1. Can you give the net charge of the other residues whose Cβ lies under 9 Å from the Cβ of residue 158, counting K and R as +1 and D and E as -1?
2. Which whole-Hz couplings ³J(HN,Hα) result when phi for each residue of the stretch 111-123 is put into the Karplus expression 6.51 cos²θ - 1.76 cosθ + 1.60, θ = phi - 60°, listed in order with x for Gly and Pro?
3. What is the sum of charges, Lys and Arg at +1 and Asp and Glu at -1, for the other residues whose Cβ falls under 10 Å from the Cβ of residue 61?
4. Test of understanding: what is the full-extension gain from residue 32 to residue 114, defined as 0.36 nm times their sequence separation minus their Cα-Cα distance?
5. Based on the alpha carbons, how large is the Rg to Rh ratio for the stretch 47-143 when Rh follows Kirkwood?
6. Taking H as built 1.01 Å from N, whose amide H comes closer than 5 Å to the amide H of residue 93, not counting residues under 5 places away?
7. I'd like the projected area of the stretch 73-219, averaged over all directions, using the convex hull of its alpha carbons. Report it in nm² with one decimal.
8. Step through the table entries 61/108; 24/108; 112/208; 93/113; 108/198, compare each Cα-Cα distance with 27 Å, and write down the pairs that go over it.
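Since every read-out is calculated from the coordinates, none of them should be taken as a lab result. Everything numeric in this text was worked out from a predicted model, so none of it was measured. Glycine gets a Cβ as well: all are built from the backbone with ideal geometry, and neighbour counts include every protein chain shown.
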Amino acid sequence: MLLALEKINVLEGQTLVINDVDWKQFEQILEELGEKRNSRIAYHHNILKIMTPSLEYERDKVLISTLLEIILEELDIDFCLGSTTFKSEILQKGLEPDNCFYIQNEAKIRGKKRIDLTIDPPPDLALEVDLTSRTYPHIYSALGVPELWRFEKGNLQINVLKNGQYIEVESSPICPNIPLKNLIPEFLNQCKTQGRNKTVRAFRTLIKDYTIHNGKTII
């Protein structure tokens, strides 16, 4: 092993960059790091980055994920989610989203404990909270993730994959009638003053109103 990882301490909000890591070493590092950890990884062109998120990042990630779950629940759309390592030896790329959702392809991976991109589809939507400047659209596009949300500096950016490139759009294809780019930042700010539970209840009520007046829509 080229590194004694147990001796490495990546501080909160910081990134460790390791050069000249081949695929076998990348797999060994993942195994040594284990699944129960706070850090995230990205691997591309033999460069491995290990990031440790900040407390602010974790709060935003959890709340944005919760708000998206509420939308899917109120639209009666089955989904599953989780942050896991998506990797492709053929592409020589690997990535761990802050969170990801299987929506259109939920039935195809339902009940699976592990995702294998050689036979399974990529997640339908990935979420990145970019407080640590660690979003890698080129890796997501290579893996074929159709939709990428990026939250940075209080703004939500929604990107959809077209012809191998991400294009920023004004609304998510999953719920085009809901103005998420305005609502998500608004309710994240509301949470800071009114608390999580009150914010979540208010958001669910609002989404119920949208589904009543605009219908349930999904691509």
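1. Working: positive: 150, 181; negative: 147, 168, 170.
Around residue 158, the charge tally is -1.
2. Those phi angles translate into x, 7, 8, 9, 9, 10, 5, 6, 10, 9, x, x, x Hz.
3. Numbers: positive: 59; negative: 56, 58, 60, 98, 128.
Net of charged neighbours comes to -4.
4. On the way: separation 82, 0.36 × 82 = 29.52 nm, distance 1.78 nm.
Result for the pair: 27.7 nm of gain on full extension.
5. Ratio of gyration radius to Kirkwood radius for the stretch 47-143: 0.96.
6. Distant-sequence amide H within range of residue 93: 88.
7. Details: hull surface 37.9 nm².
Mean projected area for the stretch 73-219: 9.5 nm², to one decimal.
8. In this structure, 24/108; 112/208; 108/198 exceed 27 Å between Cα atoms.
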